[in-house]
Every structure is written in C-alpha cells, then in structure tokens.
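Inspection log for the structure reproduced underneath, given as structure tokens.
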Amino acid sequence: MIKKTITILFSVLLYSLSFSQEKPNEKVLQELSDNACKCTDSIALSNRKKEDIIKDVHECIDKYTGALQISTLLQGAEKASKGNEKKEINLTFNTNKNSQQYKDSYNELERYLMQNCESVKRATTTSETNHDKFSKNKTALDLYQNAIDASKQENWKEAIQNYEQAVKADPKFIYAWDNLGICYRRVGEYDKALNAYKHSLAADPTGKMPLQNIAITYVYKKEYQKAIDAYNDFDKVYPGDPEVYYGMGQVYFTHLKNNEKGLDNICKAYRIYSEQKSPYRSDAEKMIGYIYKSMKDEGKADKFKEILKSNNIQFD
C-alpha cells in the first residue's frame with residue numbers, strides 16, 4: 001500500500017517559463033477546463049473595464065487550479081511507485097500561488113481555455129465600453145447599430161456606409177470612428193483607417209483602441225518603423241501597458257528580424273501579463289518559444305537566456 005504524505009511549502013520564485021514540464025492527465029485537464037469555461041460563461045462584458053473582466057477570468061481559472069495540482073501530483077506518485085508497492089511517496093502540495101507548482105497547473109488550464117473555451121476567447125478580446133464614447137444623437141445611434149449588424153454579417157461595405165453616415169450625424173461619435181477604422185482595415189483601405197483613428201483621437205486623445213490600432217495598421221502597410229513609433233506614442237499615454245511591448249516585440253521579431261529586441265519586448269509583456277493574471281500570458285509564452293527556436297538555430301541560446309534573466313524570467 002502506498003502512503004501519500006502531503007506537505008505544505010511556502011516560497012517565492014521568479015517568473016518561470018517551462019517548455020518541458022510534465023503534462024497532467026488529459027481527461028482531468030479537459031474536465032477541469034470545462035468547469036472553468038462554464039464559470040467564465042457568466043462573466044459580464046458590457047460597460048466594464050477590461051482589467052475587471054480579466055480579473056474575473058483569472059478567478060475562474062484559479063478556482064480549479066488546486067484540483068489540477070493534486071491530480072498531477074498523484075499522477076507523478078503513481079509513476080514513481082510503479083513496480084514497487086512498498087515504496088513510500090512524499091507529495092508536496094504547494095499552496096503558495098507564487099510557487100512553480102501552482103503556476104504550472106494554472107498555466108495548463110489557461111492554455112487549454114485560450115484554445116478551446118469560446119467564453120474565455122470572447123472575454124479576452126472584448127473591447128472596453130464607456131457610455132461617454134457613445135453618441136446622444138438618435139440618428140447617429142441608429143446608423144451605428146445598422147453598421148454593427150452589417151459587420152456581424154461581414155458586410156464591410158454596408159458597415160462602412162453606415163459608420164460614415166453616423167460620424168456625419170455626430171462628428172464626435174468616438175466608437176463610430178473606431179469601428180469605421182476597423183472596417184476600412186478589413187477591406188485594405190489603410191490610409192482611410194488611419195484617418196478614422198486620428199478623428200477618434202481628436203475627440204479623445206486617450207483612446208486606447210485607436211492608439212493601438214494605428215500601430216497595427218502601419219504593420220499592415222509594411223511601414224514597420226512607423227509602427228514602432230506609433231507604439232511609442234501609445235506608451236506615452238499608457239506607460240507600461242503590455243500591449244505596447246507585445247506589439248513591438250512582434251514587429252521586431254516577425255518583420256524586422258531582430259530577435260534580441262523582439263525577445264526583450266515580449267519578455268516585458270509576458271512579465272506584466274503574469275502580474276495581471278491575464279490569459280494573454282500564454283500568447284507571449286508562445287512567442288518566446290518561437291524566438292527561442294530562432295535564436296537557438298543561430299547559435300545564440302546563451303544570449304536568449306541572458307535576456308530572459310535580465311527580465312527576471314527563469315527558463316528551464
């Protein structure tokens with residue numbers, strides 16, 4: 001008979017990144033992820049700050065992390081005791097949420113949900129809504145709703161026509177300008193998209209959506225230095241926002257072929273996402289994996305580790 005002793009440890013670790021950790025039982029992972037997904041189904045998205053939505057997603061994942069920790073521990077014990085029924089197994093269940101054990105289980109659930117749970121995808125991609133950025137003009141609002149309905153059908157031409165009429169009815173209708181920019185980008189009218197975003201910023205210079213999308217639009221235009229400049233403008237208004245670092249990291253790595261700058265920026269994004277308990281952390285983790293492969297192929301694995309270390313990230 002196997003004796004299983006659970007001990008409690010308390011420790012603080014660096015931000016950790018592991019590409020080779022032992023995987024939990026797939027059936028258990030799926031079951032716990034399904035429960036966490038049902039939890040996120042009830043998260044309210046309308047007229048809320050993005051940080052509050054992300055906090056709710058985190059709480060749903062956290063709710064089932066402990067169960068996955070224990071399941072993974074028991075799975076390891078079974079493997080260790082295989083062929084030796086008299087062997088005593090000591091299991092360490094770490095309740096500290098800064099521990100590597102907790103992080104590994106949390107990250108497994110988070111990765112699975114980001115790939116398989118529609119409500120998590122919806123929660124992480126939803127835009128903040130603020131009633132102050134809507135119009136009080138009924139005609140503009142009706143046209144805006146027509147445009148929203150057309151966009152759901154991917155009828156971008158009709159959506160653009162309605163958004164254009166909406167901003168004529170109310171030139172300070174911020175969300176109409178924002179969405180008009182998105183629709184123009186959808187049809188490849190990048191200069192018109194930039195113009196729409198700039199009109200939005202004229203009405204509200206702190207608009208996060210247009211600040212970010214100006215940079216993204218320059219990427220579509222293949223004007224990569226202008227994209228970097230736009231992300232720097234974004235950073236001036238929202239210093240330390242992880243989307244700045246993530247966006248610049250992608251531009252440096254994917255388009256400017258600068259692995260080191262790409263990695264440094266993605267690491268900064270990863271660290272902040274981790275602090276915020278944001279599911280976007282898994283996207284940054286994937287990017288770090290891609291950059292690792294590229295730098296390893298170049299014989300720069302040591303430089304890769306050096307950059308991670310400078311960002312207080314542990315790589316196993």
key: From the options Leu13, Leu17, Leu113, residue that is of a type in the set (A, V, I, L, M, F, W, C), out of contact with any Lys or Arg (no Cβ under 6 Å at 6 or more places or on another chain), at pLDDT below 75 and crowded, with 19+ Cβ neighbours inside 10 Å   = Leu17
message = Please go through region 180-210 and give me each residue that is within 20 Å of Gln165 (Cβ to Cβ) and hydrophobic (A, V, I, L, M, F, W, C), ordered by number.
response = Leu180, Ile182, Cys183, Val187, Ala193, Ala196, Ala202, Ala203
query = Which of the residues belonging to region 287-311 are surrounded by fewer than 14 Cβ atoms within 10 Å (Cβ to Cβ) and under 22 Å from Tyr231 (Cβ atoms)?
reply = Ser310
task = Would you mind stating whether Phe93 is under 30 Å from Ile307 (Cα atoms) and either at pLDDT 80 or above or not acidic (Asp, Glu) (or both)?
result = no
remark   = Over region 229-241, the set of residues among the hydrophobic types (A, V, I, L, M, F, W, C) and either in contact with a Phe, Trp or Tyr (Cβ under 8 Å, 6 or more places away or on another chain) or crowded, with 21+ Cβ neighbours inside 10 Å (or both) is Ala230, Phe234
inquiry  = Within region 118-210, considering only helices (runs of 4 or more DSSP H) that don't extend past its boundaries, which have at least 1 residues that are β-branched (Val, Ile, Thr) and surrounded by fewer than 19 Cβ atoms within 10 Å (Cβ to Cβ)?
reply    = 118-125, 138-152
query = Inside region 144-164, can you point out the residues that are under 16 Å from Gly181 (Cβ atoms) and of a type in the set (D, E, K, R)?
reply = Lys157, Glu164
ask   = Consider Asp283 against the criteria (1) within 30 Å of Asn179 (Cβ to Cβ); (2) charged (D, E, K, R); (3) free of Cβ contacts under 8 Å to residues at least 40 places away in the same chain: it satisfies all of them except one. Which criterion is unmet?
value = (3)
request  = Output the residues belonging to region 43-61 that are more than 30 Å from Lys305 (Cβ to Cβ) and either modelled with pLDDT of 85 or more or touching a Pro at 6+ places or on another chain (Cβ under 7 Å) (or both).
outcome  = Lys55, Asp56, Val57, Glu59, Cys60
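Can you find a residue in region 258-277 that is among the β-branched types (Val, Ile, Thr), under 21 Å from the mean Cα position of the chain (by Cα) and in a helix (DSSP H, G or I)? Outline the logic, then answer.
In the first step, residues of region 258-277 are kept if they are among the β-branched types (Val, Ile, Thr); the result is 266, 272.
Restricting the remaining residues to those that are under 21 Å from the mean Cα position of the chain (by Cα) gives 266, 272.
Cutting the leftovers down to in a helix (DSSP H, G or I) gives us 266, 272.
Taking every residue of region 258-277 in turn, at least one turns out to be among the β-branched types (Val, Ile, Thr), under 21 Å from the mean Cα position of the chain (by Cα) and in a helix (DSSP H, G or I).
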note = Selection from region 260-296 of residues more than 19 Å from Tyr238 (Cβ to Cβ), of a type in the set (Asp, Glu) and at pLDDT below 95 yields Glu285
task = Inspect region 249-270 for any residue being surrounded by fewer than 22 Cβ atoms within 10 Å (Cβ to Cβ), closer than 24 Å to Lys97 by Cα, charged (D, E, K, R) and in contact (Cβ under 8 Å) with a residue 12 or more places away in the chain and give the result as yes or no.
result = yes
ask   = So is Leu32 modelled with pLDDT of 85 or more, surrounded by 12 or more Cβ atoms within 10 Å (Cβ to Cβ), within 27 Å of Glu285 (Cα to Cα) and not β-branched (Val, Ile, Thr) or not?
value = yes
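The values are calculated or read from the model by the stated rules, or taken from the named source; none is laboratory data. Predicted model only: the values in this text are computed from it and were never measured. Cβ: placed from backbone, ideal geometry, glycine included. Neighbour counts: every protein chain shown.
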